[in-house]
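Each remark here refers to the structure printed beneath this line.
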Amino acid sequence: MANHKSFYITTPIYYVNDKPHIGHAYTTLACDVLARFMRADGRDVHFLTGTDEHGQKVEKSAAAAGIPAKQFCDQVSENFRAMNRLLAISNDDFIRTTEPRHVRASQAIWQALERAGAIYRGSYSGWYAVRDEAYYAEDELTLGPDGRRRAPSGAEVEWVEEPSHFFRLSAWQDRLLAHYAKHPDFILPESRRNEVISFVRGGLKDLSISRTSFRWGVPVPGESAHIMYVWLDALTNYITAVGYPDVDSELYRRYWPATVHMVGKDIVRFHAVYWPAFLMAAGLQPPARVFAHGWWTNEGQKMSKSLGNVIDPFALVDRYGPDPVRYFLMRDLPFGNDGDFSHRAMVNRMNGDLANDFGNLAQRVLSLVQRNCAGRVPLPGVLGDADEAMLGMLDSLLGAMRHSFERQEIHVALNDLWRVIGEANRYVDAQAPWTLAKTDPLRMATVLYVLAEAVRNLALLAAPVVPMGAQRMLDQLAVPAEGRDFRAYGAAGRLQPGTPLPKPLGVFPRFDAKASPAGQAAG
C-alpha cells in the first residue's frame with residue numbers, strides 16, 4: 001500500500017486521434033505543478049502521463065491518414081512528448097497502451113475479473129459513439145437537425161450489435177455509493193461528486209467490455225476474436241505504470257493506490273464509477289481521489305475544429321513563453337471550474353502579476369543590494385516589528401499553500417502567494433531603503449536582507465508554477481542547489497550575509513502587446 005509520503009499523480013492518457021490542444025496542456029500542467037510542489041516538499045513523487053492508442057477511433061484515423069495504426073500512433077504520441085518538453089513537464093514515466101507491459105497488465109486484470117466471476121458472455125446491441133468510445137442509453141441522446149442521434153458530448157452515435165463480454169457493473173451500485181460516503185473526498189470538486197452520485201443512484205447497467213467489429217486493441221485472453229473495450233484497457237494504464245500484475249513489486253507497494261487521478265469533467269464517470277468497480281472486483285484498491293477539472297472556451301466561444309478556434313499550446317508558448325503560459329492557465333480561474341481564454345487576460349497576467357508584481361519586486365531588491373551593499377547579501381541588524389511581520393507572513397505561507405495543494409486548489413495557493421508578493425512590495429515602499437541608504441545604512445541593510453529573504457522564499461514557492469523564472473531568481477541570490485526545495489524554506493535556509501551576488505537581470509519582462517500579433521487580439 002502506498003505510504004503517506006508517496007504522491008502518485010496521473011493525467012488521463014491522451015487519445016492519439018489528433019494533435020495536442022490547450023485542454024491536454026491544462027491537465028498536464030496541473031499535474032506538473034502538483035508534482036513539482038510535492039517533490040519540493042519532500043514527498044516521494046511518481047508522475048505519469050502518456051497516450052491511449054487503441055480503439056475504433058484510432059483505427060479510423062489511421063485509415064484516413066493512409067498509414068498503419070501503429071505508425072500513426074508513433075507519430076501522434078511523439079506530439080504529446082513534444083508538448084511536455086515545450087512546457088517543461090516533469091513526468092517520471094510516459095506510458096503508451098501499445099507497449100508490451102501494458103498489454104500484459106490489461107490481460108491480467110481481465111483474468112482477475114474473470115476469476116472473480118465479474119465477467120459473463122452475451123451480445124451487445126445499443127448506441128455507441130466512436131468519438132467518445134462510449135455507450136449511451138436512448139434517453140441520453142438528442143436528435144440533431146440532420147436527423148442523426150447525438151451523445152451529450154455532441155458526438156454522433158451509431159447502432160451496434162455484436163457478441164460481447166459484460167462486466168457486472170450493476171452489482172456495484174450500493175458498494176460504490178458506500179465508498180463515496182466513506183471517502184467524501186474521493187471525487188472533487190463537490191459539484192462533480194454530486195453528479196457522479198446522482199448517476200450511480202439512478203441505477204447501473206452491466207457494461208459491454210469487448211468488441212468484435214474491429215481489430216485495433218488488446219486481445220481478450222484466450223479469445224482472439226474479441227478485443228478489450230478501450231476504456232478497460234486505457235484505465236489499466238495507471239496500474240501498468242507501477243508494475244501490475246506484480247503487486248509485490250517495490251513500485252506497486254510504493255505508489256498504489258494512486259493519490260490523484262486528474263481528469264477533465266467529461267470523463268469523470270469512467271474514472272469515478274467504472275474504474276473503482278473494475279479495481280475492487282479484481283481485488284485491488286481504488287485510487288484515493290479523482291479530481292475533474294473544467295473546460296476552456298476561447299474568447300467566449302466553445303472550441304471546435306469546425307470553428308477553427310482550437311488553441312494550439314505550441315503557438316501559445318511561441319508567442320508568450322512557457323512560464324507565462326503555465327502561470328496564466330493555473331491562475332486565471334478557480335481550478336475545477338470552466339473558464340475562458342483571452343489574449344487580453346493573458347497579457348494582463350503577464351504584465352500585472354509577473355512583470356509588475358513579482359518581477360519588479362525581485363529587480364528592485366536585487367538592484368538595491370547591488371548598488372548599496374557592494375553586490376553582496378547584506379548583514380542585517382536587529383529586526384523591527386515590520387521586519388518580523390514580513391518574515392512571519394513568509395513563514396506561514398508554506399503551510400497555507402501546502403493545504404491548498406493537498407486539495408488541488410491550485411488557484412487558492414497562487415492567490416495566497418501573490419497576496420504575500422503584494423505585501424513584500426508594500427514593505428519596500430513603506431521602508432524606502434533608497435532613502436535609508438543616505439540616512440541609516442544599518443537599517444537599510446536590515447530591510448534589504450528581509451527583502452532578499454522574501455524573494456528567496458517566494459521564488460521557492462513559485463517554482464512549481466514558473467520553474468524557469470523562479471530558478472533565475474534563485475541563481476541571482478546565489479542559492480545553492482541543495483537550498484532549492486522546502487527543506488530550506490524560511491529560517492532553515494536563510495541567506496548568508498556577505499555572499500557575493502551576480503549582477504541582477506530582469507526575470508519577467510513586460511509583454512509589448514502592440515508589437516505582437518497578440519496585441520490585436522488583446523485590444
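One residue is enough: does region 42-53 have a residue meeting the conditions of a type outside the set (S, T, N, Q) and over 26 Å from Gly243 (Cβ atoms)? Break it down into steps so the answer makes sense when it comes.
Within region 42-53, the subset of a type outside the set (S, T, N, Q) is 42-48, 50, 52-53.
The next check asks that each one be over 26 Å from Gly243 (Cβ atoms); those that pass are none.
No.
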Residue satisfying all of: in region 339-375; of a type in the set (Lys, Arg) and buried (at least 16 other Cβ atoms within 10 Å of the Cβ); farthest from Ala463 (Cα to Cα) among these: Arg364
Answer yes if at least one residue in region 91-100 is among the aromatic types (Phe, Trp, Tyr) and either closer than 30 Å to Val465 by Cα or part of a helix (DSSP H, G or I) (or both), and no otherwise. yes
Please go through region 163-196 and give me each residue that is over 20 Å from Val263 (Cβ atoms) and of a type in the set (Gly, Ala, Ser), ordered by number. Ser164, Ser170, Ala171, Ala178, Ala181
Among the listed residues Arg349, Arg376, Arg402, which satisfies the condition of being in the same structural domain as Gly469 (by TED's automatic domain parsing) and touching a strand residue (DSSP E or B) at 6+ places or on another chain (Cβ under 8 Å)? Arg376
When Gly203 is evaluated against the numbered criteria (1) in contact (Cβ under 8 Å) with a residue 24 or more places away in the chain; (2) of a type outside the set (Phe, Trp, Tyr); (3) outside any helix (DSSP H, G or I); (4) within 23 Å of Thr259 (Cα to Cα), which criterion, by number, is the only one it fails? (4)
Please determine whether any residue of region 324-332 is modelled with pLDDT under 95, in a loop (DSSP other than H, G, I, E, B) and either hydroxyl-bearing (Ser, Thr, Tyr) or under 20 Å from the mean Cα position of the chain (by Cα) (or both). yes
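Residues in region 42-53: is at least one under 16 Å from Asp132 (Cβ atoms) and in contact with a Phe, Trp or Tyr (Cβ under 9 Å, 6 or more places away or on another chain)? Talk me through it step by step, then tell me what you get.
From region 42-53, those under 16 Å from Asp132 (Cβ atoms) are 52; that's our starting set.
Okay, now just the ones that are also in contact with a Phe, Trp or Tyr (Cβ under 9 Å, 6 or more places away or on another chain), so 52.
The answer is yes, given that some residue of region 42-53 is under 16 Å from Asp132 (Cβ atoms) and in contact with a Phe, Trp or Tyr (Cβ under 9 Å, 6 or more places away or on another chain).
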Determine which member of the set Ser224, Ser208 is loosely packed, with under 13 Cβ neighbours inside 10 Å and among the small types (Gly, Ala, Ser). Ser224
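Within region 117-200, which strands (runs of 3 or more DSSP E) (wholly inside it) include 1 or more residues that are over 16 Å from Trp231 (Cβ atoms) and modelled with pLDDT under 95?
Details: elements: 119-129, 134-136, 158-167.
Passing ranges, in order: 119-129, 158-167.
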Filter region 377-405 for residues that are in contact (Cβ under 8 Å) with a residue 40 or more places away in the chain and either assigned to a helix (DSSP H, G or I) or within 14 Å of Asn457 (Cα to Cα) (or both) and give the result. Ala386, Asp387, Met390, Leu391, Leu394, Asp395, Leu397, Leu398, Met401, Arg402, Phe405
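Here's the yes/no breakdown for (1) buried (at least 21 other Cβ atoms within 10 Å of the Cβ); (2) more than 30 Å from Glu406 (Cβ to Cβ); (3) touching an Asp or Glu at 6+ places or on another chain (Cβ under 8 Å); (4) among the acidic types (Asp, Glu):
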{"site": "Ala181", "(1), (2), (3), (4)": "no, no, no, no"}
{"site": "Ser191", "(1), (2), (3), (4)": "no, no, no, no"}
{"site": "Gly203", "(1), (2), (3), (4)": "no, yes, no, no"}
{"site": "Thr212", "(1), (2), (3), (4)": "no, yes, yes, no"}
{"site": "Arg215", "(1), (2), (3), (4)": "no, yes, yes, no"}
{"site": "Pro219", "(1), (2), (3), (4)": "no, yes, no, no"}
{"site": "Met228", "(1), (2), (3), (4)": "yes, yes, no, no"}
{"site": "Ala258", "(1), (2), (3), (4)": "yes, no, no, no"}
Inspect region 406-413 for any residue being of a type outside the set (Lys, Arg), out of contact with any strand residue (DSSP E or B) (no Cβ under 8 Å at 6 or more places or on another chain) and buried (at least 24 other Cβ atoms within 10 Å of the Cβ) and give the result as yes or no. yes
Looking across region 260-300 at residues that are among the aromatic types (Phe, Trp, Tyr) and modelled with pLDDT under 95, the single one that is surrounded by the most Cβ atoms within 10 Å (Cβ to Cβ) is Trp296
Consider only pairs whose beta carbons are under 9 Å apart and that are at least six residues apart or on different chains; among these, list those whose first residue lies in region 302-318 and is within 17 Å of Arg81 (Cα to Cα) and whose second residue is at pLDDT 70 or above and β-branched (Val, Ile, Thr). Asp312/Ile22; Pro313/Ile22; Pro313/Val325; Leu316/Ile22; Leu316/Val325; Val317/Val325
Of all helices (runs of 4 or more DSSP H) fully inside region 224-295, the set with 2 or more residues that are basic (Lys, Arg) is 250-255
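Look through Leu458, Leu448, Leu474, Leu436 and report the one residue that is within 18 Å of Leu394 (Cα to Cα), assigned to a helix (DSSP H, G or I) and without any contact (Cβ under 8 Å) to a residue 40 or more places away in the chain.
Working: Leu458 fails: without any contact (Cβ under 8 Å) to a residue 40 or more places away in the chain; Leu448 fails: without any contact (Cβ under 8 Å) to a residue 40 or more places away in the chain; Leu436 fails: within 18 Å of Leu394 (Cα to Cα).
Exactly one of Leu458, Leu448, Leu474, Leu436 is within 18 Å of Leu394 (Cα to Cα), assigned to a helix (DSSP H, G or I) and without any contact (Cβ under 8 Å) to a residue 40 or more places away in the chain, namely Leu474.
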With respect to Ala374, is the statement that it is free of Cβ contacts under 8 Å to residues at least 12 places away in the same chain and not polar (S, T, N, Q) true? yes
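The values are calculated or read from the model by the stated rules, or taken from the named source; none is laboratory data. All figures in this text were calculated on a predicted structure; none of them were measured in a lab. Here the Cβ is made from the backbone with ideal geometry for all residues, glycine too, and neighbour counts use every protein chain on show.
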